[in-house]
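*Asks:* One structure coming up, written as structure tokens, with questions to follow.
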Amino acid sequence: MNKTKFVIPQVEQSPEDSVITEKKEPSHYRTEPFISSVFGTKVKDEITFNGAQYGNRGRQYDVFRDKEERIVKDDYKDYITYHDTPEYQSLAPTPKPTPKPIVKAPIPPVERPTSTPVAPKSPVKVPLFLDDEVSPEEVDESKQSYDDIVFDVEEEKASPIPLDDYQDKPVKPAKNPSVNKASYIAPPITLLKRGKTVRNIDMTATQYQRDRIDTTLRDFGIDGHVVHFTKGPAVTQFEVQLEPGIKVQKVKNIASNIQANLKARTIRIQAPIPGKSTIGIEVPNSTTDLVLFGELLSDEAFLNDGNPMNAILGLDLGGNPVYLNLAKMPHCLIAGTTGSGKSVCINSIIASVLYKAHPDDVKLILIDPKVIEFAHYEDIPHLATPVITEPKIATAALKWAVDEMENRYQLFRALRVREYEEYSKVAAKDVNVKHIPYILIIIDELADLMLTSGNDVEDYIQRLTQKGRACGIHLIVATQRPSVDVIKGTIKTNIPTRIAFMVKTQVDSAIILDHSGAEKLLGHGDMLYNDSVSEERLQGSFISSEEIISITNYIRSHGDADFMFTQDDLNEKLSQDDLAQGMNDEYFAEIARFVVENNSASINRIQQTFKIGFNRAQAIMQALEDLTIVSENLGSRARVVQVNAERLEEILEEI
């Protein structure tokens, strides 16, 4: 079947009909104008060009052009061709003349005083004020070029001081910008003896000792051998690696045999070495290298660390310097027999503070019951009070430190800070906040203080060690008799840092370090340093008495002492406390009437009659003496009662 095509017939339209069809009905919708949330309807609804798009090359940089050079809206399409035409070049604004360079006035560098005069430089025209500007024409080019007068002050301040400047010039201590400090010139390093530690490069004796250790272990059937050794200034440490299944205690059991085979004075076995799988056998060297304090102090990194409380200790077994951060200790216990190096270690710590700290940043309270140890440090500006030698005054000084600690905590509470470092930051920013220094208390012989006034000293030391760290008060206690009646448990608990020199017995070592080992030391600066985390053996730095005298004489010649309190103040405060303690006693009035009625002033009779202790009776008798009721102590004779009953009642009424 043939399919037929279906065709729709088309009707031709007249021109009039075509006009009618082109007319469209008006739309019910219209485009609303753009309304900005910030500027409302005042925003123009026009095309903007954000970024580099095709057709607007160059227009995206209009924000960087001057107003006269910007591309207008109508010519941005022809920007490339139009801007190259001579017409646009003629319309372009003329470039502004380049201003002459302005040269800052030179700031003359501050020269440190030296022993030899320095020749003056060529004269340069310097304005009256540092902010004035000098053009290149005003500089005398015949004497100094324009490029030579540029001086970067900030870079000069930030750069570390080279070591060459320390050779003949004083050391500038770290300063706190929050306080206007008096000028202080630290002593030059040339006052100290310097010289690097001489190491014996001949390892023949060391190799022999290594072979003897291996032979001794093999003879006793212990599978192990020396895998490494480190030669230090005083001892050499041999590291023994044991085979699996061998007990470490076996090596400690044959310590005497190892010492005999090595023909050594003494050996110390560290089983195992902390952080390693080996056992350490420390054998003394044939000669001990001298570690000089001046050589360790001349390290640029140490001098420029900005920490005034960083002190020198000595060298470890590897020959690396070890420092003691006094602010992070926070307290230290030093013990050792006479001649072991205890006093030299304390002098090294004090000398480090004198070189690095400004007197307004660190204050020292030196307590010396032996009278002669700290005599060289008299009248230096770092002292908070003159060197204390009397136990009674030492007790009053510790009490002052406790009161100062409580006052500082009240100050921290008012400023809402928790520790000394936070307070220092606040004081550096606010001129109204008073700067307070670190206080370092050093007691050379604790045993003498404990014998005279043990209870009070123990209480004050306990309080300082418990709370003194956060307020910038630190304590170093030294003794040559480490016994339980001197170093009590309440003191040891709050002193984490321990330095042990040579002692006599294992019991003394256990009191200091809580384990044995200090009795194996060699003396003369050989120490065990325990910072409560790890323990290492050091050879302490040596500073002689002649060097200390030179340092202190230099400091005294360039500055005067500025004490925070004197011993007269302590005596007055001590007498006031004793008077108040005696007068506030509940038996004071009754004992005063008893003394006047019986015309007898005897401490023993008061103790027996009123059943009180000696210290309490002595305080009451001292109060009666201060009120002139009885006379002063007449030695072997009895005190004299100086008032009658009527006068006594008048005195009691006035009180």
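Please treat every number below as a calculation from the coordinates, not as lab data. All figures in this text were calculated on a predicted structure; none of them were measured in a lab. Cβ sites come from the backbone with ideal geometry, for glycine too, and all protein chains shown count toward neighbours.
*Asks:* Which order do the peptides 456-464, 215-223, 341-349, 282-290 take when ranked by the mean count of other beta-carbon atoms within 10 Å per residue, highest first?
*Replies:* 341-349, 456-464, 282-290, 215-223
*Asks:* Under a Cβ-only charge scheme (Lys and Arg +1, Asp and Glu -1), can you give me the dipole magnitude of the stretch 570-655 about the Cα centre, in debye to the nearest 20? Numbers along the way, then the final one.
*Replies:* Numbers: 8 positive and 15 negative charges, 110 e Å.
Roughly 520 debye for the stretch 570-655.
*Asks:* Right, another one. Per residue, how much space in cubic angstrom lies within the convex hull of the C-alpha atoms of the stretch 294-372?
*Replies:* Here the figure is 129 Å³ per residue.
*Asks:* Another question, if that's okay. Kirkwood hydrodynamic radius for the stretch 506-648: how many Å is it when counted over pairs of different Cα atoms?
*Replies:* With all distinct Cα pairs of the stretch 506-648 included, I get 20.8 Å.
*Asks:* Okay, moving on. Sorting check: for 475-484, 426-435, which peptide has the highest mean count of neighbouring beta carbons within 10 Å, and how do the rest follow?
*Replies:* With the highest mean Cβ count within 10 Å placed first, the list reads 475-484, 426-435.
*Asks:* As a quick test, which of the pairs K467/K520; K231/K520; K196/K520 have an alpha carbon distance above 29 angstrom in this structure?
*Replies:* Beyond 29 Å between Cα atoms: K467/K520.
*Asks:* Let a ≥ b ≥ c be the square roots of the eigenvalues of the Cα gyration tensor of the stretch 469-520; is it rounded (a/c under 1.5), or, if not, prolate (a/b larger than b/c) or oblate?
*Replies:* Since a/c reaches 1.5 and a/b is larger than b/c, the shape of the stretch 469-520 is classed as prolate.
*Asks:* So how do 608-618, 445-455, 311-321 stack up, highest first, on mean other-Cβ count within 10 Å?
*Replies:* Details: 608-618: 13.7, 445-455: 17.7, 311-321: 19.6.
Listed from highest to lowest mean packing, they are 311-321, 445-455, 608-618.
*Asks:* Another question about this same structure. If Lys and Arg each add +1 and Asp and Glu each add -1, what is the summed charge of the other residues whose beta carbon sits under 14 Å from the beta carbon of S509?
*Replies:* Net charge around S509: +2.
*Asks:* I've got another one for you. Expressed as cubic angstrom per residue, what is the convex hull volume of the alpha carbon set of the stretch 568-654?
*Replies:* 99 Å³
*Asks:* Related question: Among residues other than I442 whose Cβ falls under 15 Å from its Cβ, what is the net charge (Lys/Arg +1, Asp/Glu -1)?
*Replies:* -3
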